[in-house]
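The values are calculated or read from the model by the stated rules, or taken from the named source; none is laboratory data. Not measured: the values here are computed from a predicted model. Glycine also receives a Cβ, built like all others from the backbone with ideal geometry; neighbour counts cover every protein chain displayed. For accessibility, only protein heavy atoms count, side chains too; no ligands or nucleic acids. Shrake-Rupley method; radii C 1.70, N 1.55, O 1.52, S 1.80 Å.
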Amino acid sequence: ACGAGGRSDDDGDGDGDAGSTVGVTDDSIAIGGTFPLTGVAAPGYSEIPTGAKAYFDFVNAAGGVNGRQIDFTVKDDGYDPTKTSSLTNELVLKDQVFATVGSLGTPTHSAVVDFLNDEEVPDLFVSSGSLGWGEDPESRPMTFGWQPDYEIEGKVIGQYVADNMPDAKVGLFLQDDDFGEDAEKGVRQYVDDQIVDVQRYTSGNTDVGPQIAALQAKKPDIVLAFTTPSYTALAQLTSLSLGFKPQWYVSNVGSDPALVGGLLAKFSEGKVPGDASALNGVMSSEYIPGIDAPDNAWVKLWQKVWDQNGGQGELTNYRIYGMSWAYTFVQALQAAGKDLTREGLVDALEQVGSSLEGPNLAPYRYSDDSHLGISGMELVKLENGKGEPLTKVLTTDVGDAEITEDGSGQADDAPPESGIPDVDPVD
Amino acid sequence: MLEVRELSTSYGAVRALSDVSFTAAHGEVTAVLGANGAGKTTLLRTITGLVRAQGGSATYDGRELTRTAPELMPSLGIAHVPEGRGVITELTVEENLRLGGLGRGGRVKPEDLERIYALFPALADRRAALAHVLSGGERQMLVLGRALMAEPSVLLLDEPSLGLAPRIVAQLFELVQSLVVDQGLTVLLVEQNARSALSIAHRGVVLSLGRVVVDERAEVLAGDDQLRHAYLGF
Amino acid sequence: MQARIGRVLAQPVVLAALGVVVIVLVLTTVDDFRSVQLTQMAYLGIAAGGLTVLTGLNGQISLGHGALMAIGAYTTALLLQDDEPVLPLLGVLVVATVVTLVVGAAIGVAAARLHGPYLAGATLALAVAVPGIALYFGETLGGEQGLRVRVPDAPDWVLDAAYFVTGQDLTPSKYVAFLGWGVLVVTYLGLAHLSRGRVGRRWRAVRDDEVAAEVAGISLGRARVSAFVVSAAAAGAAGFVMALSVRLAAPSGYSLTLSLTLLTAVVLGGLGSLTGALLGAALLTFLPQVVTDAGVSAGLDDIRAAELAPLIYGLVLVAVILLAPAGLVGSLRLAWHRPRRTTTSKGEPR
Amino acid sequence: MGDARPGLAMQDITVTFGGLTALSGVSLEARPHEVLGVIGPNGAGKTTLFNVACGFVRPDSGSLSWGGQGLPRLRPHDLAGLGISRTLQGLGLFDRMTVLDNVLVGADRDARSRFWSDLLSLPRSTRDEARLRDRARGVLDELDVASYADRYPASLPYAVRKKVALARALVSEPELLLLDEPASGLSDTEMSDLGTLLRGLTDRMAVMLVEHHMDLVMSVCDDLVVLDFGRVIATGSPAEVRDDPAVQAAYLGEAVTDA
Amino acid sequence: MQQFVNTVLGGLTLGMVYAAFALALVLIWRSTRIVNFAQAPMAMVTTFIALQIIEGGHSYWLAFAAALVAGLVLGAVVERVLIRPVEGKAEINAVILTLGLFIVLHALASVVFGNRYRSFPAAFGIRGLEVGDTTIALTGFDIFTILAVLAVMGLLVLLFRFTDLGLRMRAAAFNQEVARLLGVRVGRMLTLGWALASLVGSLAGLLIAGGSLVHPGYMDAVVVYGFVAAVLGGLDSPAGAVVGGLLLGLSLSLVSGYVGSQLVALAALAILMAVLLLRPQGLFSQARERRV
Ligand SMILES: Nc1ncnc2c1ncn2[C@@H]1O[C@H](COP(=O)(O)OP(=O)(O)OP(=O)(O)O)[C@@H](O)[C@H]1O
Ligand SMILES: Nc1ncnc2c1ncn2[C@@H]1O[C@H](COP(=O)(O)OP(=O)(O)OP(=O)(O)O)[C@@H](O)[C@H]1O
Ligand SMILES: [Mg+2]
Ligand SMILES: [Mg+2]
């Protein structure tokens, strides 16, 4: 029965060598992303796309990129991978986006990453620190991470503890998924023998009392928490009721001092010390400047963007996060040049990605071999809602790459006057 | 005096009562008889407002009933003992009885309960049991006792003898008779058991297909062979 | 004559055949995106079909059918880990269905003893518990991220046959859509046969009056368990289709929301009716999107538009229950029969 | 009337519920081709006796045998398979099923089709279904209610519903029929029809009847057992029992019914 | 040892919160034979009202009282407008209706109050008691929670067991028609039942929120565990709800602390199944053996 229909065996869709220009017209570029705007994960995270949108509007108001307006479609997946899958289908097949940008979440994005690569849609700057976004460009050539992955964060704090507190007993408090797992991998490279207990919480179960009680029993001197902000707050509250007072390190993801401190501040009426000072003495890390540094040139820019183009609400670190990758995306578009194609965009990022300037304190790792994002961070100690640096910016990479002080000067750059990057096209 | 005037009701397209009129005099037992499906139950339900009347009215001492909420019946002195086993099976025997006493407003006194237990000793033994475990006949006693808790002046009974042992049926009818005689109760008694019903009734109303076909003194009805054969089958 | 034609048309087999024709026509005309949506409708429809039998015919409420779908989906995912699958796709379907069926039987045995809210409580706990298993056995089941599903390419003969019939190339998403709808037709055919026959009668008898059913020789336990097993099998098959369509089996896809969605589909359409279940599935597939799009084009920002979908969806639920308590299909049917039948029952207390 | 095969025999049955003794040491036998009446005051334990015979209530002591064989662990749904049918004191109709379907449920044990043939709707199933349908219609016909076959029970007159319940018990062609107050709610005419019907059934089966209507009991029963507070206080022919002073005191009273 | 004590204490407090929620479900079940899945979002809405008042600078107790009153009103309105039409209809209709309401309230709250975490203050201290030089996981607010729930349980038992009002409410729930004929204002009883239940639900919401974080979905987990607790106890019994809640809270806390927090839901399922297989009607409901 073979060949009865005379079906052609050619799978190509006619674009040939020129590269795909789906979603691009002379005056517009359609992009999209999936985010949890509703449901349990929405608090906080739903602000990210609003930040990005504000920045894109800012750029569009200034004429767009190469005369093209950026049209950013946001889809709500409620943090449900099933929905992510159908919405990404919709973005790619129906809305015909040129690329997806900033899509949020490890479980959610895992559901679609292969589909995007199969369809050869650039899948940029996934909002999550999982290693899946960029560790293996061979199998996922279209996917790029953006923030430092959780493993290198684990390495950096691990080394710090090993160097500065060699006798301390270490406890780990981890979210029970990739986030905690990757971080643990990094931490263990340095302090494996100092760890006295590892406790994991399941997102959605807000009772962390049993975990904290278990940690407390092991009497750790320092607890490294890789948690989301709400769980940071819950852990702090529970520790308070248990009288558990170790030194805390809270991962960058979960330490937003404005947010967590704000949450804890409400209990301040004599019960928890001080407002934004609720997290005083807690260690954390930073890889982009946040609202705790209003005088930073980048934060000033973000504030201007938000004031001009933002919707309701204040500028928050989530919005800054969204604006920051939006900035990187604009840079990537500029680097890809006037004749924008999907392949061209990916090529351009691989070529110039590691030298892009921006709010990031350490350079990106983009190259032929890696699509992982920012390569490092500085450790800080929170004081009154501000991070006081404990270290220089430290950069490293996954695996047994060494940790070194960053010499690129990334941390010292400032945004251009206009607030819009100006990257030369490659070639 | 309970007066029913041109009462009509239907269920969807099915006419269940058409222009039913009769009066039940004070201190008398009026038996409502008729074949299955004649509309007897519907009549009682329409009088107490459980079924909406489409036309006509029922009044008790001049007070309109059909358009009054069923909840108000006990306070008007009207007790309706519904067809089937209207016990609340999830409550205990005593709770069922107390509930009956609450209807008239005010509190339930232990004497009231004891009065009923004296009438139905079988219930006294089971006062703390859930009504759910009662036998068919025991349930029937319970609903009757519950109705009497409210000390009504009008009693609407829908087939009270259903499932009762002959001796109890006899007792029941005696009881009804004595209530009528001693307390001047007005009773509207729906019965299949026409013979027993007529033995204590003052008046007999026969329904057929939702219409009144006979309205006679009980003795006349029981004595008239023709009527009896035609409508009552004995 | 006309009545005769009516009767022939009402035969499930005939309906199924007509259905197949419609499905082929629709799936060949729509684009890839729509066919993905139609696959979603298919898997919701399959599971809702099973649930409507359980709830509508047998009177057992299940708030945990999403968990059963998860079992079908995870089985599928485990079998489709490698590029070279161990089993042909049909085999995978059978295994997924059977595994779910076995789990369903175990749960059904426990459920058979429970009533109303107790059953609802137990199945609710099931719905929230099952995703936890995937987390606990993260090594094998992929934890939060779930298991990737490698959908095997359509065999050549299928591609050729499809080209021959439709004159188009069969894209992977259409292939899955055809698979999904194929499973749906077969499932519905079986369910329709069962519910019209002796088995369905037993189920309904148990629903209406346990004691009377028992006296008539029906084993309550067996009737309940069989209904649960049948609907679990349908859920398993639905999980298979869902895994293929989503290409992933992850815990958050099978949260309580999915279970409630299924129940909603069943009630929206009209309890006990397969047509209703399908209609409900369609509504749930397409409504949220339509609403969100409408919200966006009405100028709402993304977050507000996103909240609009659940809002409207909840309102529709409430409205249907209040205005058309027999469900959409049920109400149509009532309206159709109104002249012939009188109103409700005599409300005889038990 | 002697038939070699013994029917249902109960020996020394005792049932207690908490502190209450519902049956105490009751023995009786329902023989083929006979109607055995069980009478007694309300709450005497008649329904409980049926419940024991059906497996709804497990006796504290005593034993049951059917056709000479002991029935140690009887469950209600085994009954139909043994050839015993029962009606319930309430109606127990399936309200959301048509009259015909109600009766078909009673025929369930005779269905030959199995799950798989139903699932696939094999011709075997369809044929089997048609056969049962015919039988169900036949029984409805016999009871004069065939015209209601496609209606739903809730909207039917009470007498019709009672007949439907009876039809459901009869359709499986049982060897023993247990009837719990079949005449309650019937008019006198309907009751005498029922009497005739019951006598007719004895050709085919044994009948055990619980009833409070003495006219019916006296006219159809071959033998009577009288219960009071769970004990047998009298047995014998209707006439004997009627004249028993203990029975009159406990149950009949000064029979109003005997006009 | 300290870990064990603290895990147990944490479990008990948590159990009390489940119990409070279960009590609300029991109340509605007793007064209308409906399981109110919308209980959680209703409580969430009233908690947000309280939060709004607190953030407006008013006292905690004013907000507390306002939330309870709001709960009372909300319950009555919901019953009147939404539940009334489905009372006495198929059970599943009410289930779906309350689920629909769940979704609607959730979405509305996200729009009105915003979809982010907020902190909710506690009336009493949120530091554990210090015994010698160890701190045990029992805060002032925990003690308040425990006392409040026990008080509510006691009041409910009183209401249902010993008052005529309670008897009327139960009668209305079990058999509307008969109850009406006996002079029970069925409509009022049902409304009252919902109002009271919703009040107890609001209390549960406030107790859960106190000293912790709230967002529109903060009660969602409690729906499941509160329901499971109520079912464990037998749905009909206030004391059962409290025992069920404690049993569940304690077991889940131990499982979470010593086995793994992913298995909490599974443990809830296992406990529920084990109890229901032994007693299909729950631990505390009266036996209903007679079937024929
Ligand atoms: N809820 C209902 N819906 C439709 N028809 C009904 C309803 N209730 C009663 N009917 C019909 O109305 C007619 C009168 O019924 P009703 O119950 O009043 O008769 P009855 O004289 O009390 O009979 P019975 O002796 O059987 O109690 C019957 O034909 C019955 O089928
Ligand atoms: N499951 C049970 N638990 C407690 N008591 C019960 C139970 N079943 C029956 N009883 C009691 O046992 C006694 C006998 O009940 P049974 O139903 O057998 O009486 P009956 O002779 O059929 O009466 P009736 O003629 O009124 O139907 C009654 O007092 C009843 O309350
Ligand atoms: Mg009647
Ligand atoms: Mg009986």
- Item | Residue list for region D:39-64, filter: away from chain B (no Cβ under 12 Å) and either in contact with a Lys or Arg (Cβ under 9 Å, 6 or more places away or on another chain) or within 9 Å of ligand 4 (Cβ to nearest atom) (or both) | D:VAL52, D:ALA53, D:CYS54, D:GLY55, D:PHE56, D:ARG58
- Return the total of residues in region C:90-111 being more than 23 Å from E:GLY260 (Cβ to Cβ), at pLDDT 85 or above and buried (at least 19 other Cβ atoms within 10 Å of the Cβ). 10
- Query: Does A:TYR321 count as in contact (Cβ under 8 Å) with a residue 12 or more places away in the chain, farther than 21 Å from A:GLU151 by Cβ, under 20 Å from the mean Cα position of the chain (by Cα) and outside any loop (DSSP other than H, G, I, E, B)?
  - Reply: no
- Item | Positions within region C:179-189 being out of contact with any Pro (no Cβ under 6 Å at 6 or more places or on another chain) and surrounded by fewer than 22 Cβ atoms within 10 Å (Cβ to Cβ), in sequence order | C:GLY182, C:VAL185, C:VAL186
- Task: Among what's in region B:18-51 and is away from ligand 3 (no atom under 16 Å from the Cβ), under 17 Å from B:LEU7 (Cα atoms) and touching a Ser or Thr at 6+ places or on another chain (Cβ under 7 Å), pick the residue that is farthest from the other protein chains (Cβ to nearest Cβ).
- Result: B:ASP19
- Which of the residues that make up region E:183-209 are open to solvent by less than 20 Å² (accessible area, probe 1.4 Å) and facing chain B (nearest Cβ under 8 Å)? E:GLY183, E:VAL184, E:VAL186
- Among the residues of region B:154-171, the number that are touching a Pro at 6+ places or on another chain (Cβ under 6 Å), within 17 Å of B:PRO82 (Cβ to Cβ) and within 13 Å of ligand 2 (Cβ to nearest atom) is 0
- Note on the structure: Going through region E:86-137 in order, the residues found to be assigned to a strand (DSSP E or B) and modelled with pLDDT of 80 or more are E:ARG118, E:SER119, E:PHE120
- Message: Of everything in region D:122-164, what is open to solvent by 50 Å² or more (accessible area, probe 1.4 Å), over 29 Å from D:GLU190 (Cβ atoms) and facing chain C (nearest Cβ under 9 Å)? Give them in sequence order.
- Response: D:THR126
- Item | Of all residues in region D:53-91 being under 13 Å from the mean Cα position of the chain (by Cα) and of a type in the set (Val, Ile, Thr), the one that is nearest to ligand 1 (Cβ to nearest atom) | D:THR87
- Scan of region A:385-418 for residues that are touching a residue at least 24 places away in the same chain (Cβ under 8 Å), polar (S, T, N, Q) and loosely packed, with under 15 Cβ neighbours inside 10 Å, ordered by number: A:SER418
- Item | Members of region C:166-203 that are within 7 Å of another protein chain (Cβ to nearest Cβ) and more than 15 Å from D:GLU129 (Cβ to Cβ) | C:ASP169, C:GLY190
- Report, by residue number, each residue of region A:85-129 that is acidic (Asp, Glu) and within 14 Å of another protein chain (Cβ to nearest Cβ). A:GLU90, A:ASP95, A:ASP114, A:ASP118, A:GLU119
- Message: Filter region E:197-245 down to the residues that are of a type in the set (Ser, Thr, Tyr) and closer than 20 Å to C:LEU124 by Cα and list them by number.
- Response: E:TYR218, E:TYR225
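Assess whether C:ALA282 counts as being small (Gly, Ala, Ser), more than 9 Å from chain E (Cβ to nearest Cβ) and open to solvent by 10 Å² or more (accessible area, probe 1.4 Å). Give the steps one after another, and end with the answer.
Working: small (Gly, Ala, Ser): yes; more than 9 Å from chain E (Cβ to nearest Cβ): yes; open to solvent by 10 Å² or more (accessible area, probe 1.4 Å): yes.
Yes.
Has region A:192-201 got at least one residue that is within 23 Å of A:GLU47 (Cα to Cα) and surrounded by fewer than 24 Cβ atoms within 10 Å (Cβ to Cβ)?
Within region A:192-201, not a single residue is within 23 Å of A:GLU47 (Cα to Cα) and surrounded by fewer than 24 Cβ atoms within 10 Å (Cβ to Cβ).
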- Item | Search result, residues across region B:1-32 that are buried (at least 19 other Cβ atoms within 10 Å of the Cβ) and touching a His at 6+ places or on another chain (Cβ under 6 Å) | B:GLU28, B:VAL29
- Message: Whether any residue in region C:71-89 is hydrophobic (A, V, I, L, M, F, W, C), outside any helix (DSSP H, G or I) and either modelled with pLDDT under 90 or open to solvent by 30 Å² or more (accessible area, probe 1.4 Å) (or both) is what I want to check.
- Response: yes
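Residue-by-condition table, conditions (1) polar (S, T, N, Q); (2) closer than 26 Å to E:SER261 by Cβ; (3) open to solvent by less than 10 Å² (accessible area, probe 1.4 Å):
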| site | (1), (2), (3) |
| --- | --- |
| A:GLY105 | no, yes, yes |
| A:PRO137 | no, no, no |
| A:GLN159 | yes, no, no |
| A:MET165 | no, no, no |
| A:GLY204 | no, yes, no |
| A:ALA214 | no, yes, yes |
- Taking into account only those residues within region B:215-231 that are open to solvent by 10 Å² or more (accessible area, probe 1.4 Å) and among the hydrophobic types (A, V, I, L, M, F, W, C), which is nearest to the other protein chains (Cβ to nearest Cβ)? B:ALA222
- Task: Just give me the residues in region A:128-147 being touching a Pro at 6+ places or on another chain (Cβ under 9 Å) and not in a loop (DSSP other than H, G, I, E, B), in sequence order.
- Result: A:THR143, A:PHE144
- Message: Step by step: first the residues of region D:186-198, then only those that are facing another protein chain (nearest Cβ under 9 Å) and over 14 Å from D:MET214 (Cα atoms), then the one that is surrounded by the fewest Cβ atoms within 10 Å (Cβ to Cβ). Which residue is that?
- Response: D:THR189
- Query: Which one of D:LEU64, D:LEU100, D:LEU104 is within 25 Å of D:GLY230 (Cα to Cα) and either modelled with pLDDT of 90 or more or in the same structural domain as D:THR14 (by TED's automatic domain parsing) (or both)?
  - Reply: D:LEU64
- Kindly check whether there is at least one residue in region C:192-213 that is touching a Pro at 6+ places or on another chain (Cβ under 9 Å), within 13 Å of C:THR52 (Cα to Cα) and not charged (D, E, K, R). yes
- Checklist (1) in contact with a Lys or Arg (Cβ under 6 Å, 6 or more places away or on another chain); (2) more than 16 Å from ligand 2 (Cβ to nearest atom); (3) open to solvent by 30 Å² or more (accessible area, probe 1.4 Å) applied to B:GLY100, failing item: (3)
- Item | Any chance B:LEU156 is open to solvent by less than 10 Å² (accessible area, probe 1.4 Å) and within 16 Å of ligand 4 (Cβ to nearest atom) | no
- How many residues are assigned to a helix (DSSP H, G or I), modelled with pLDDT under 90 and basic (Lys, Arg) when one looks only at region B:109-150? 1
- Message: For region B:164-171, check the following and say yes or no: at least one residue is within 16 Å of ligand 4 (Cβ to nearest atom), among the polar types (S, T, N, Q) and either under 16 Å from the mean Cα position of the chain (by Cα) or surrounded by fewer than 21 Cβ atoms within 10 Å (Cβ to Cβ) (or both).
- Response: no
